[in-house]
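Report on the following structure.
The values are calculated or read from the model by the stated rules, or taken from the named source; none is laboratory data. Computed from a prediction, not measured in an experiment: that's the story for all the values here. Glycine gets a Cβ as well: all are built from the backbone with ideal geometry, and neighbour counts include every protein chain shown.
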Amino acid sequence: MDEGDRLSALHHHHLRGLGMTSDSRREKLIAELRQMGIRNERVLTTIRNIPRHEFIGDALKGRAYDNDALPIGQAQTISQPYIVAKMTEAILEGGAKRGKVLEIGTGCGYQTAVLAALLPRIFTIERLRYLSEQARVRLARLGCHNVVFNYGDGHLGWKTHAPYDAIVVTAATANVPLALKEQLAPGGRLIIPVGPEGAQALRLIENTGAGFKTRDLETVSFVPLLTGKA
Ligand code: SAH
């Protein structure tokens with residue numbers, strides 16, 4: 001076994017996890033997502049393959065494949081797999097080209113990793129330095145190399161790389177930031193939780209080229225989109 005093989009064996013072992021993070025747990029999660037209405041097979045396969053236990057602290061690893069949001073420290077959470085699947089499915093559908101994607105709210109980087117497995121180029125912004133840095137290291141370790149990280153406030157989007165074919169916001173706002181709509185390419189889709197705590201709507205906004213088409217998908221519960229960085 002040469003070094004390449006060894007590394008790849010180690011990587012494989014590491015990614016699959018053991019016992020409480022095993023294949024059967026993952027299959028159960030995928031079955032649950034199907035039951036909840038997720039239909040996109042590429043999304044389901046991606047969620048099955050990404051080692052969610054790698055995004056979670058030791059104390060909660062046993063729950064990594066439960067369909068729940070979990071705390072990750074810094075008063076933040078890892079998103080519920082169903083919501084990650086739903087948002088990803090929503091930006092993939094419609095058949096338009098999805099080249100460049102902007103994500104606001106990197107957090108632990110789980111949604112980022114799902115996007116990176118399905119789409120060519122991901123740009124992701126996080127306002128907490130510690131989380132941004134941790135996610136960058138984690139995704140590199142998991143072999144995810146098509147993500148560019150930005151430590152900053154996502155309210156203004158990221159003009160340098162605009163326009164985006166999709167923008168995914170994983171924190172809730174009272175109003176959709178105008179800058180995000182402006183950075184959406186024609187045919188592009190923005191998905192964002194909008195509204196007060198306890199009554200947020202998961203809103204899908206499409207730039208038709210002649211204006212914006214809006215649809216609310218379901219009620220969700222995200223942490224708030226905050227101003228400034230820390
Ligand atoms: N996408 C993550 C969940 C993110 S939770 C996952 O897959 O698990 C929301 C994240 O948004 C938090 O990490 C929070 O710090 C970040 N956030 C909040 N306001 C922000 C802002 N204005 N700009 C960038 N990130 C922000």
Residues satisfying the stated conditions in segment 213-230, i.e. among the charged types (D, E, K, R), outside any loop (DSSP other than H, G, I, E, B) and either under 21 Å from the mean Cα position of the chain (by Cα) or surrounded by 13 or more Cβ atoms within 10 Å (Cβ to Cβ) (or both): Arg215, Asp216, Glu218
Candidates Gly105, Gly99, filtered to the one that is touching a residue at least 60 places away in the same chain (Cβ under 8 Å), in contact with a Pro (Cβ under 9 Å, 6 or more places away or on another chain) and farther than 22 Å from Ile30 by Cα: Gly99
Qualifying residue in segment 101-110 (condition: away from the ligand (no atom under 12 Å from the Cβ) and at pLDDT 95 or above): yes
Yes/no for Glu218 being of a type in the set (D, E, K, R) and farther than 17 Å from Thr88 by Cα: no
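This table checks each residue for (1) touching a Ser or Thr at 6+ places or on another chain (Cβ under 7 Å); (2) among the β-branched types (Val, Ile, Thr); (3) surrounded by fewer than 20 Cβ atoms within 10 Å (Cβ to Cβ).
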position	(1), (2), (3)
Gly94	no, no, yes
Pro120	no, no, yes
Ala135	yes, no, no
Ala172	no, no, no
Out of Val194, Val168, sole residue that is within 16 Å of the ligand (Cβ to nearest atom), under 16 Å from Val84 (Cβ atoms) and not aromatic (Phe, Trp, Tyr): Val168
Criterion: within 15 Å of the chain's Cα centre (by Cα) and more than 8 Å from the ligand (Cβ to nearest atom) - qualifying residue of Val147, Val114: Val147
Any hit, segment 72-90, residues being free of Cβ contacts under 8 Å to residues at least 24 places away in the same chain, on the phi > 0 side of the Ramachandran plot and not basic (Lys, Arg): yes
Qualifying residue in segment 65-79 (condition: more than 9 Å from the ligand (Cβ to nearest atom), more than 26 Å from Val194 (Cα to Cα) and in contact with a helix residue (DSSP H, G or I) (Cβ under 6 Å, 6 or more places away or on another chain)): yes
Residue that is of a type outside the set (Val, Ile, Thr) and within 18 Å of Ile191 (Cβ to Cβ), where the choices are Ala140, Ala135, Ala179: Ala179
All positions within segment 20-57 that are within 16 Å of the ligand (Cβ to nearest atom), over 16 Å from Leu118 (Cα atoms) and surrounded by fewer than 17 Cβ atoms within 10 Å (Cβ to Cβ): Gly57
Any hit, segment 197-212, residues being within 16 Å of the ligand (Cβ to nearest atom), touching a residue at least 60 places away in the same chain (Cβ under 8 Å) and surrounded by 17 or more Cβ atoms within 10 Å (Cβ to Cβ): yes
Scan of segment 31-50 for residues that are assigned to a helix (DSSP H, G or I) and touching a residue at least 12 places away in the same chain (Cβ under 8 Å), ordered by number: Glu32, Leu33, Arg42, Val43, Leu44, Thr46, Ile47, Arg48, Asn49
